[in-house]
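Report on the following structure.
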Amino acid sequence: MSVRQRVIEPRSVQLGMRVVTLLVLLFLYVPLLVIFVYAFNPERSQAWPLPGLSTRWFVATWNNLEVRSALVTSLKAGLGATSIALLLGSLAAFAIHRFRFFGREAISFFLILPLALPGIVTGMALNSAINIGGQVIGLSFSLWTIIIGHATFCVVVVYNNVIARLRRTSGSLVEASMDLGADGWQTFRFVILPNISTALLAGGLLAFALSFDEIIVTNFTSGSEITLPKWIFNNLRLPNQRPVVNVVASVVILASFIPVYIAQRLTQEQPVRAAEQAETEPALQAVAAS
Amino acid sequence: MQPAVRLEQVRKTFGDVVAVAGVDLEIRQGEFFSLLGPSGCGKTTCLRMIAGFEEPTAGRILLQGQDVSRLPAYERDVNTVFQDYALFPHMTVYDNVEYGLKVKGIGASERRRRVADALAMMRLDRLERRKPGELSGGQRQRVALARALINQPRVLLLDEPLGALDLKLRQTMQIELKTLQERLSMTFLYVTHDQEEALTMSDRLAVMNQGRVEQVGTPAEVYENPATGFVAGFVGASNVLAGDAAGAVTGSAAAFTIRPEKIRLAPLDETPTAVESSAAGVVREVVYVGAFTRYTVDLDGGGELVVMQQNLTMSSMEVLQARGQRVRLIWDRQHNRAIGGSVQEQREEER
């Protein structure tokens, strides 16, 4: 990794860049902030400035059974999709990293592709697949079809994180472990797993965050099941529900923000010979592309 | 006594590439043995097959008389010091050294005692809580050694372990390694492309080229009596004269080598004595290296000879004036070494 050259800019350019950076950040975060502020609105109707601050809608939301059941569905879907992603994503990464076989590059490509495919296409495809599955093997729209739908793009996130970590973990570590008398299982347990554990955790957190606020694929695969984003979407246009929607949206924002933040911290930490790590782990790339 | 390591007609191919083309070797108990050769000569592949990281395509590998060709690495009584050390980055120095004992299920109290001994032996006791990332190159080297020695292997395999160190540290470590090997009277198998390293440390060495062993012998034997043109060229600098060029000097077309430091630069009109060989030529190139000067001389009879002369009285200005001069080269005939084998091959490779 080459040390980045510090270019000295004129003062005016420096100032200009700061202003632009600030504007971009405001553009990104002010709308989110507005939602947060409105969540504390004491009234049902939205008007600026707020007449005061209140947590009454938080209480109302907590007691709203529809929201609760949507939250539970979202949590189940997120955990389910994350578990599948952790299992399949890390196994795929091990296989692609460890073995040279025919079609290896192609498989790697097809694993990453769902990240770039428009959600609506994935959704349509899954929808018709589930319909056909319904006729052939009695598959029906349910929590499971949501989980499968989410897993299509969650697997990539885990795969990307794990394979990036494996690539920067020296191959001779495994040989050194075997050389010292450790069999395959001991090597996995004492050498490989500790080296990829933060990548697994980061991948899992990101997968969960992706699943938790996903709506496009969910719409096509959920049937009558209601997830939290779906509930927001359905209730957005009802003025009556507006305050509760604001609270739910705030919770979704937080629930996405925290795992992404932790995941980034985990992948920034560089336990393996810092100087040699040119490759940044694709934690946030994945989120950005989805 | 059984040899510590025995290779019988060992071959290794990767697809169409022949890495090791039938090697026979015997490494004796307690000797410091080096595999010396240029990169790609198969020396590291040999080491990896002995360690158990590669399976030979054909042939047998015996450790202490036992055929281990098909045994996995973790069932062989050898340990390796890797070129990049391969220290476990997430473990402390202590845990790294303890690892071999832990995975073999040695009891906690014995582990503690043996790790403490190993750390003390390699002067690492103060560093035991550090992680590899917090160590210098020389310290990592010592951790890698302590870790590999903790299981008391029959043979210690070292894969160019000094390559990453700077010159001074490398020279210190050469002496340390040799001392350590003598103290433990353990068999060391050392892989290197550095002929000086191999000559300094080894009891015996094998020079390898293109997957084959060209010569096995003590450092003095290999240096003084190179068996092939390749060995002559690779171990120390050497001149090879063959065909007409050889005929012009010795009267016979048989190929021979002569070491540059044995040749003396003389005035054109000096007559050699009865025991001396001589050749006249033009100095094409002069390289001043401080303690000595290297002259390349185009011979009248064809071919060229490199001559090394100590700078006894001459300054750099004076030696550089030799360029373009006609000179006579004189040396004691007994230093001519007839060689067979791959002279031609060696020449082509140099181009």
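The values are calculated or read from the model by the stated rules, or taken from the named source; none is laboratory data. Everything numeric in this text was worked out from a predicted model, so none of it was measured. A quick note on method: Cβ atoms are made from the backbone with ideal geometry, for glycine too, and the neighbour counts reach across all protein chains shown.
Observations on the model:
- Every pair of residues 6+ apart whose Cβ atoms lie under 6 Å, when the first sits in segment A:36-54 and is not in a loop (DSSP other than H, G, I, E, B) while the second is not aliphatic (A, V, I, L, M): A:PHE36/A:SER250; A:TYR38/A:ASN246; A:ALA39/A:ASN246; A:ALA39/A:SER250
- Annotation: of all residues in segment A:194-233 being hydroxyl-bearing (Ser, Thr, Tyr) and within 14 Å of another protein chain (Cβ to nearest Cβ), the one that is surrounded by the most Cβ atoms within 10 Å (Cβ to Cβ) is A:THR198.
- Residue match in segment B:42-53 (condition: without any contact (Cβ under 8 Å) to a residue 40 or more places away in the chain and either farther than 25 Å from B:ARG140 by Cα or more than 14 Å from chain A (Cβ to nearest Cβ) (or both)): no
- Answer from B:LEU169, B:LEU162 - the residue that is in a loop (DSSP other than H, G, I, E, B), without any contact (Cβ under 8 Å) to a residue 40 or more places away in the chain and either among the small types (Gly, Ala, Ser) or surrounded by 15 or more Cβ atoms within 10 Å (Cβ to Cβ) (or both): B:LEU162
- Residues of segment B:178-196 that turn out to be assigned to a helix (DSSP H, G or I) and either at positive phi or of a type in the set (A, V, I, L, M, F, W, C) (or both), as a count: 2
- The one condition from (1) under 20 Å from the mean Cα position of the chain (by Cα); (2) over 23 Å from A:ILE192 (Cα atoms) that B:GLN83 does not meet is (2).
- Taken over segment B:119-144, the criterion of being within 20 Å of B:LEU158 (Cα to Cα), of a type outside the set (A, V, I, L, M) and either part of a helix (DSSP H, G or I) or touching a strand residue (DSSP E or B) at 6+ places or on another chain (Cβ under 9 Å) (or both) is satisfied by B:PRO132, B:GLY137, B:GLY138, B:GLN139, B:ARG140, B:GLN141, B:ARG142.
- Out of B:TYR85, B:TYR74, one residue alone is of a type in the set (Ser, Thr, Tyr), touching a residue at least 40 places away in the same chain (Cβ under 8 Å), within 14 Å of chain A (Cβ to nearest Cβ) and surrounded by 17 or more Cβ atoms within 10 Å (Cβ to Cβ). It is B:TYR85.
- If you go through segment B:54-71 and keep only what is more than 14 Å from every other protein chain (Cβ to nearest Cβ) and either surrounded by fewer than 16 Cβ atoms within 10 Å (Cβ to Cβ) or of a type in the set (Lys, Arg) (or both), you end up with B:THR57, B:ALA58, B:ARG60, B:GLY65, B:GLN66, B:ASP67, B:ARG70.
- Enumeration of residues in segment B:305-323 that are closer than 17 Å to B:GLY281 by Cβ and assigned to a helix (DSSP H, G or I): B:VAL319
- Residue count for segment B:247-274, restricted to those that are in a helix (DSSP H, G or I) and either among the hydrophobic types (A, V, I, L, M, F, W, C) or more than 22 Å from B:THR293 (Cβ to Cβ) (or both): 4
- Restricting attention to segment B:289-304, the residues that are in a strand (DSSP E or B) and either in contact with an Asp or Glu (Cβ under 9 Å, 6 or more places away or on another chain) or closer than 16 Å to B:GLU261 by Cβ (or both) total 8.
So that you can scan it fast, the table gives a plain yes or no per residue for (1) under 22 Å from B:ARG264 (Cα atoms); (2) more than 16 Å from the chain's Cα centre (by Cα); (3) assigned to a strand (DSSP E or B):
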position	(1), (2), (3)
B:ALA198	no, no, no
B:VAL207	no, no, yes
B:GLU214	no, no, yes
B:PRO226	yes, no, no
B:PHE230	no, no, no
B:GLY233	yes, no, no
B:VAL240	yes, yes, yes
B:ALA245	yes, yes, no
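- Condition check for A:ALA182: more than 14 Å from every other protein chain (Cβ to nearest Cβ), of a type in the set (A, V, I, L, M) and either surrounded by fewer than 23 Cβ atoms within 10 Å (Cβ to Cβ) or more than 18 Å from A:ALA95 (Cβ to Cβ) (or both): no
- For B:MET186, the requirement of being in the same structural domain as B:ARG11 (by TED's automatic domain parsing), in contact (Cβ under 8 Å) with a residue 60 or more places away in the chain and surrounded by fewer than 22 Cβ atoms within 10 Å (Cβ to Cβ) is met.
- Filter result for B:LYS102 (in contact with a Pro (Cβ under 9 Å, 6 or more places away or on another chain) and either surrounded by fewer than 21 Cβ atoms within 10 Å (Cβ to Cβ) or among the acidic types (Asp, Glu) (or both)): no
- If only residues of segment A:131-175 that are free of Cβ contacts under 8 Å to residues at least 12 places away in the same chain and within 14 Å of another protein chain (Cβ to nearest Cβ) are counted, the one that is surrounded by the fewest Cβ atoms within 10 Å (Cβ to Cβ) is A:GLY171.
- Hits in segment B:96-118 - residues which are farther than 22 Å from B:GLN174 by Cβ and either of a type in the set (S, T, N, Q) or more than 11 Å from chain A (Cβ to nearest Cβ) (or both): B:ASN96, B:GLY107, B:ALA108, B:SER109, B:GLU110, B:ARG111, B:ARG112, B:ARG113, B:ARG114, B:VAL115, B:ALA116, B:ASP117
- In segment B:1-82, counting only strands (runs of 3 or more DSSP E) that sit wholly within it, the ones holding 1 or more residues that are aromatic (Phe, Trp, Tyr) and over 23 Å from A:GLY181 (Cβ atoms) span B:5-14, B:32-36.
- Residues in segment A:22-60 that are under 25 Å from the mean Cα position of the chain (by Cα) and hydroxyl-bearing (Ser, Thr, Tyr): A:TYR29 alone.
- Count of residues meeting criterion [within 22 Å of B:GLY247 (Cα to Cα) and surrounded by 12 or more Cβ atoms within 10 Å (Cβ to Cβ)] in segment B:301-336: 17
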